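See below for the structure under consideration.
The values are calculated or read from the model by the stated rules, or taken from the named source; none is laboratory data. From a predicted model like this one, the values you see are computed outputs, not experimental measurements. Virtual Cβ from ideal backbone geometry, glycine too; neighbours counted across all protein chains shown. When the accessible area is computed, the model is the full protein with side chains, heavy atoms only, and any ligands, DNA or RNA have been set aside. Shrake-Rupley method; radii C 1.70, N 1.55, O 1.52, S 1.80 Å.
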Amino acid sequence: MLHIVGLGPGPGYATEAALKAIREADCVFYEDYTGPLDLETLRRTAAREPVKLTRKDLEDESGRRIFECLREGKRAVLVTAGDPALATSHHALVALARARGYPVQILPGVSIICAAFSVTCLSIYKLGGVATVTYPRGGVYSRRPYELAEQNLRRDMHTLLLLDVREDGSFMPPRDAAEILLRLEEEEQRGVFTPDRHVAVVYRLGWGGSVLYTRLKDLLSAEAGGPAVVIVPARLNPVEKECLETTSKGITI
């Protein structure tokens, strides 16, 4: 059987079900390219040393090492940060395992999407969609964040933007995201990511991070590090506004 387990965004978020699956596994694998993983808890819980898998292992090689374990009749666990069901590469692994006749159990963890809306006090009912701010590929910037935010703002919906991961595995800092969004505005010029556009930034959630509520142009000089998400709020109701402004005054998350 294959268990795909989410440990949540940081230390202390793992569920009892997740820890039980890890303890009982014959083969324990993990990946940390979709988010920072609480390796201390993982190593303390697992009966044997966990094996790190790269994006190449899971995507290009279709989880070959996991299936080697399963073919031996063993119980395998793949551990991720956050909620594993949010990564499309993990969806492909689930589909492949089931197609080969292996039962799969997904044990959800606290996702960054729900957690970011919780700590910012923004209404999840107004989440209009999710996109990723990416570094340019071949000198070309993805327009998807701009287009989605534009659509959502017209509908009075919030937009959550995930941030890219560099080739070396490091996470895009919010200031890089601000630079890219402002660059998109220069090219598109439709008033979506103007320098005075206010955004909520949730960074290092679960690892002693915080929330910023600031203008894009001020985010260029912010010291907030990755991993982070950026939320482009639509109109804030009075409760959202008061809670968000209070939360962004130095509260550790």
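Report the rotationally averaged projected area of the chain based on its alpha-carbon convex hull, in square nanometres. Could you put the intermediate results ahead of the total?
Working: hull surface 56.4 nm².
Across all orientations, the chain yields a mean hull projection of 14.1 nm².
On a 29 Å Cα-Cα criterion, which of the cross-link pairs Lys20/Lys52; Lys56/Lys217; Lys52/Lys249; Lys20/Lys249 come out too long? Write down the numbers at each step before the final one.
Working: Lys20/Lys52 19 Å; Lys56/Lys217 36 Å; Lys52/Lys249 37 Å; Lys20/Lys249 38 Å.
In this structure, Lys56/Lys217; Lys52/Lys249; Lys20/Lys249 lie more than 29 Å apart at Cα.
To the nearest 10 degrees, how steeply does helix 174-188 sit against the main Cα axis of the chain, on a 0 to 90 scale?
60
Using a 4.7 Å cut-off between beta carbons, which cysteines in the chain end up with no partner cysteine at all?
Taking the Cβ cut-off of 4.7 Å, the unpaired cysteines of the chain are Cys114.
On the protein heavy atoms, probe 1.4 angstrom, tell me the percent of accessible surface of the chain carried by carbon and sulfur. Working shown, then result.
Details: 5910 of 12110 Å².
Looking at the chain in its full context, I get 49 percent from C and S.
How high is the FRET efficiency between Ile124 and Arg48 when r is their beta carbon distance and R₀ equals 45 Å, given to the nearest 0.05?
Details: r = 39 Å, r/R0 = 0.86.
E(calc), rounded to 0.05, equals 0.70.
Assuming a ≥ b ≥ c are the square roots of the Cα gyration tensor eigenvalues, decide whether segment 144-252 counts as rounded (a/c under 1.5), prolate (otherwise, with a/b larger than b/c) or oblate.
oblate
At what distance in nm do the modelled label points of Glu245 and Arg71 sit from each other, each positioned 7 Å from its Cα along Cα→Cβ?
6.2
Of the GluC sites (Glu not before Pro) in segment 1-67, which ones lie in a loop per DSSP and count no more than 15 other C-beta atoms within 10 Å?
Values: sites: Glu16, Glu24, Glu31, Glu40, Glu59, Glu61; in loops: Glu31, Glu61.
Sparse-neighbourhood loop GluC sites (Glu not before Pro): Glu61.
If you take the Cα atoms of segment 19-83, find Rg, then find the Kirkwood Rh from the mean of 1/r over all pairs, what is Rg/Rh? Spell out each step's value before the answer.
Numbers: Rg = 11.3 Å, Rh = 12.0 Å.
So for segment 19-83, dividing Rg by the Kirkwood Rh gives 0.95.
What percent does the relative contact order of segment 64-186 come to when contacts are Cα pairs within less than 8 Å and at least six residues apart? Let's see the in-between values first.
Numbers: 109 pairs, mean separation 22.5, N = 123.
That works out to 18 percent.
Ignoring solvent entirely, what values of log10 I(q)/I(0) come out of the Debye formula for segment 35-145 at 0.14, 0.20, 0.21, 0.22 Å⁻¹ when each Cα is a single scatterer?
For the requested q values the scattering log ratios are -0.78, -1.23, -1.28, -1.33.
Within 10 Å, at most 16 other Cβ atoms, and a DSSP state outside H, G, I, E, B define an exposed site. Report the longest part of the chain free of exposed trypsin sites (Lys or Arg not before Pro).
Working: sites that count: Arg48, Lys74, Arg75, Arg100, Arg143, Arg155, Arg166, Arg190, Arg235, Lys249.
Longest run free of exposed loop sites: 1-47.
Cross-link candidates for Lys74: which aspartates and glutamates have Cα within less than 17 Å, leaving aside residues fewer than 8 places away along the same chain?
Output for Lys74: Glu24, Asp26, Glu49.
Between Arg64 and Arg98, 0.36 nm times their residue separation minus their Cα-Cα distance comes to what?
On the way: separation 34, 0.36 × 34 = 12.24 nm, distance 1.45 nm.
Working it through step by step, the gained length comes to 10.8 nm.
How about segment 112-216: which GluC sites (Glu not before Pro) there are in a DSSP loop, with at most 11 other Cβ atoms within 10 Å of their Cβ? The partial results should precede the final answer.
Details: sites: Glu147, Glu150, Glu167, Glu179, Glu185, Glu186, Glu187, Glu188; in loops: Glu167.
Passing sites in segment 112-216 are Glu167.
Tell me what the chain gives for mean residue ellipticity at 222 nm when only DSSP H runs of n ≥ 4 count, each as -39,500 (n - 2.57), the sum divided by the residue total, rounded to 500 deg cm²/dmol. Each step should come with its number before you reach the end.
Numbers: 9 runs with 85 residues, N = 253.
Helix-only estimate at 222 nm: -9500 deg cm²/dmol.
Over segment 96-253, give the accessible area per residue in Å² for a 1.4 Å probe, as an integer. Please list the in-between numbers first.
Details: 7770 Å² over 158 residues.
Using a 1.4 Å probe on heavy atoms only, each residue of segment 96-253 averages 49 Å².
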